[in-house]
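The values are calculated or read from the model by the stated rules, or taken from the named source; none is laboratory data. Remember, predicted model here, so these are calculated numbers, not experimental data. Protein only, heavy atoms only, side chains kept; ligands, DNA and RNA dropped before computing areas. Shrake-Rupley method; radii C 1.70, N 1.55, O 1.52, S 1.80 Å.
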Amino acid sequence: MEEANDIGTAYLRIALLPATAQTPMRDLFRRYLDSRIETYRKVPDMAAVRAGLARSAELQGEIWTLAVSATRESGTAAAPMLLLPALNAMIDITTTQTEAVRVHPPLILFVMLGTLTLACSLFAGYDMAIRSHLNLLYSVCFALVIAVTVYVIVDLEYPRVGFIRMSDSDQVLVDLRKSMN
């Protein structure tokens, strides 16, 4: 959502540029947003994602270069003061988004989660072993709850791969792209 807001804000501020620069800049923005959407759709193919990120960075450079030259030609102080910080935020959020996808909890946390699961299972197994009657329903439910909990925790850590996917979050970018037509 933040990425869509930053791109949308910068896109609106294109109106501050001279008329001759607005059309090419809007075209670059459309291509840039298409590139961002495609990059997200290519997950989990990391080679394709890296290529998409490189293409996005290339388009960011083109957008920045055109914006700087166009703001110089605008003859007003408003264009560079409003457009360039918005473009900077748009570029910065890409780095933030990329790092958020790359950075995960340390391995020790996953080891601790596995150890906690094992310890709970051992304690439950020990308690069940000393009882004279084994309640199969409780045993199965306990195992199922622990397995599902661990699976959901790990699956949510990787929201674009696995069973639970957060790909609907890209819809805000798709909607922004439709509004650019």
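Comparing ARG31, ARG72, ARG131 in a Gaussian network model of the chain, where Cα atoms under 10 Å apart are tied by springs, the biggest mean-square fluctuation is seen for ARG131.
Accessible surface area normalised per residue over the chain is 62 Å², counting heavy atoms of protein chains with a 1.4 Å rolling probe. Backbone phi angles across the range 85-102, fed through the Karplus curve with coefficients 6.51, -1.76 and 1.60 (θ = phi - 60°), yield HN-Hα couplings of x, 5, 5, 4, 5, 4, 6, 4, 5, 5, 5, 4, 5, 5, 5, 4, 6, 7 Hz in residue order; Gly and Pro are listed as x. In angstrom, the C-alpha Rg and Dmax of the range 114-181 are 20.6, 72.
Ligands, DNA and RNA left out, the 1.4 Å accessible surface of the range 8-122 is 66% carbon and sulfur atoms.
In whole angstrom, how far apart do the alpha carbon centroids of the range 40-56 and the range 3-22 sit? When both Cα centres are located, 25 Å separates them. The calculated P(r) of the range 1-122, using every Cα pair and 5 Å bins from 0, goes 2, 10, 18, 18, 13, 9, 8, 6, 4, 4, 3, 2, 1, 1, 0 in percent.
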